[in-house]
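Participant: Structure incoming, see below.
The values are calculated or read from the model by the stated rules, or taken from the named source; none is laboratory data. Computed from a predicted structure; not experimentally measured. FYI the Cβ positions are ideal-geometry reconstructions off the backbone, even for glycines, and counts take in every protein chain you see. For accessibility, only protein heavy atoms count, side chains too; no ligands or nucleic acids. Shrake-Rupley method; radii C 1.70, N 1.55, O 1.52, S 1.80 Å.
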Amino acid sequence: MQYNFDEIVTRRGTNSIKWDNDNARDCLPLWVADMDFRVAEPIRKALAAHVQHGIFGYAHIPDAYYEAVINWFARRHNWHINREHILCTNGIVPALSAILQAMTDPQGTMALPTPAYNCFFESPASAGRKLALAPMKAVDNHYEIDWDVLENQLRGAQMTILCNPHNPTGRVWTRAELMRFNELCNRYNVFVMADEIHNGLAFPGHDYTPYATVATGTNWCACTSCTKSFNIAGLPIANIIIPDSRIREKIARAVFTNRIGDITALSLEALIAAYDHSEDWLDQARMYIYNNYLFMADFFANHLPLLHLMKMEGTYLAWVDVRNTGMTATGFCTRLAAEQHVLFNAGKMYGDDNYVRINMACPRATLAEALNRLRLFLQ
Ligand SMILES: Cc1ncc(COP(=O)(O)O)c(C=O)c1O
């Protein structure tokens, strides 16, 4: 089926965090990480059938769910997951809390390559864990892990997070980088949580490599979800894949203690419909987003000389250096919102207030209008 990603779907009045804020009516929110595209038809049909049935009781996880997950990763990414290794939870952020609880001591340290998704700072901090930050290097218009810095921070750490593909820098890590990461973490006996929520969104020429397919040893887990790729973040669901039975037992206990393993029937059905029947939607959405990126790169090159767009290899979140404007990202975003009614995320919450994060998962006309206003703002 051919989908129309140019269609502008009104989201105001739907209790959307992204759209229903206190800002002006003509505000364009290119911030919170969900898409402004209607989801794939099979997902809508599956949900509509359940709504029509009209009963929303407790759900158990059916065989079809596990089969959908296993078949998806085998078919698309050559990753053969053992069903016994899957722990289902109601989101990756809840999973992170459980993993921290299971795999680190109350005063323990988590190493974190930065910039990083904001919850990777917030969850360990609120659980009382120490953070050992490992700033990455911006080299050749993209980010690279600073291996010396990372090694230094891994020495005293019990756990680390590898975000693959990476929010907010847009990197899709290569096999060689993943192998080096794995080797280093094994050397210091640091548990790796690979957050692979953005796995369906690698751009042409950049393959997502599951951490599982390079990892040696068993001191790791991978968290996957279909919610980002298929735009169903409001139907929380995620899987933690844990090969080692002892580690699995520990994390399962934390999942149970925190009661984060109960999934709604709607989330289960959405995932099955996504993985089993919506591949065409994802491939089209990914290409549309990639073309949004090319459009944006062209616009930046021609009209926004003060801003520097980092090269993207995947995700729908662009990472833009604003320091040549003389503003911090926080100042930049505050003024842009006030003067032109465009919302971006300031990089401060991701660990670098020289950058803003722009969500490009919207119709091209919306992106073009936002970029135009950005140009006016900088004039
Ligand atoms: C890297 C990363 N992990 C996790 C999440 C959120 O996961 P969940 O909604 O499953 O808790 C996001 C959302 O933007 C993200 O970018």
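Participant: Just to be sure I understand: with springs between alpha-carbon atoms less than 10 Å apart, which residue in Tyr65, Tyr355, Tyr293 has the highest mean-square fluctuation in the Gaussian network model of the chain?
Facilitator: Tyr65
Participant: Here's something else I'd like to know. Would you give the gap between the C-alpha center of segment 164-182 and the C-alpha center of segment 309-363, rounded to a whole Å?
Facilitator: 22 Å
Participant: In addition: Is there a quick way to get the dipole size of segment 54-277? I mean about its Cα centre, with the Cβ of Lys and Arg at +1 and of Asp and Glu at -1; what is the value in debye to the nearest 20?
Facilitator: It works out to roughly 320 debye.
Participant: Oh, and also: Taking springs between alpha-carbon atoms closer than 10 angstrom, which of Leu271, Leu87, Leu30 fluctuates most in the Gaussian network model of the chain?
Facilitator: Among Leu271, Leu87, Leu30, the largest GNM mean-square fluctuation belongs to Leu87.
Participant: Need the list of lysines near Lys228 for cross-linking: C-alpha distance under 21 angstrom, and skip anything on the same chain fewer than eight residues off.
Facilitator: Lys18, Lys45, Lys311
Participant: Can you give the FRET efficiency to the nearest 0.05 for Val32 and Glu249, using r as the Cβ-Cβ distance and R₀ = 30 Å?
Facilitator: With R0 = 30 Å, the Cβ-Cβ based efficiency is 0.25.
Participant: Under the rule of at least 5 residues apart or a separate chain, name every residue whose amide H is placed under 5 Å from the amide H of Thr104.
Facilitator: Long-range HN contacts for Thr104: none found.
Participant: Right, here's the next one. Under a point-charge model restricted to the Cβ atoms of Lys and Arg (+1) and Asp and Glu (-1), what is the dipole moment magnitude of segment 70-166 relative to its Cα centre, in debye to the nearest 20?
Facilitator: 340 debye
Participant: At 0.36 nm per residue, and after removing the present C-alpha to C-alpha distance, how many nm does the segment from Asn189 to Glu279 gain when stretched out fully?
Facilitator: Roughly 28.6 nm would be gained on extension.
Participant: At 1.4 Å probe size, with every protein chain present, just tell me what the per residue accessible area of the chain comes to in Å².
Facilitator: So the chain comes to 42 Å² accessible per residue, rounded to a whole number.
Participant: Which length gain, in nm to one decimal place, applies between Glu67 and Asn4 when the Cα-Cα distance is subtracted from 0.36 nm times their residue separation?
Facilitator: 19.7 nm
Participant: Something else about it: Can you give the extra length, in nm with one decimal, that the chain gains between Glu41 and Gln379 once fully stretched, where that is 0.36 nm per residue apart less the Cα-Cα distance?
Facilitator: Result: 117.4 nm gained on full extension.
Participant: To continue, here is another question. Taking amide H positions as placed 1.01 Å from N in the peptide plane, with prolines and chain starts having none, which residues 5 or more places from Phe191, or on another chain, fall under 5 Å of its amide H?
Facilitator: Met159, Thr160
Participant: When Lys and Arg each count +1 and Asp and Glu each count -1, what net charge do the other residues less than 10 Å away from Thr109, Cβ to Cβ, add up to?
Facilitator: Once positives and negatives cancel, what remains is +2.
Participant: Compute a Gaussian network model of the chain, connecting alpha carbons closer than 10 Å, and tell me which residue from Asp105, Asp276, Asp140 fluctuates the most.
Facilitator: Asp140
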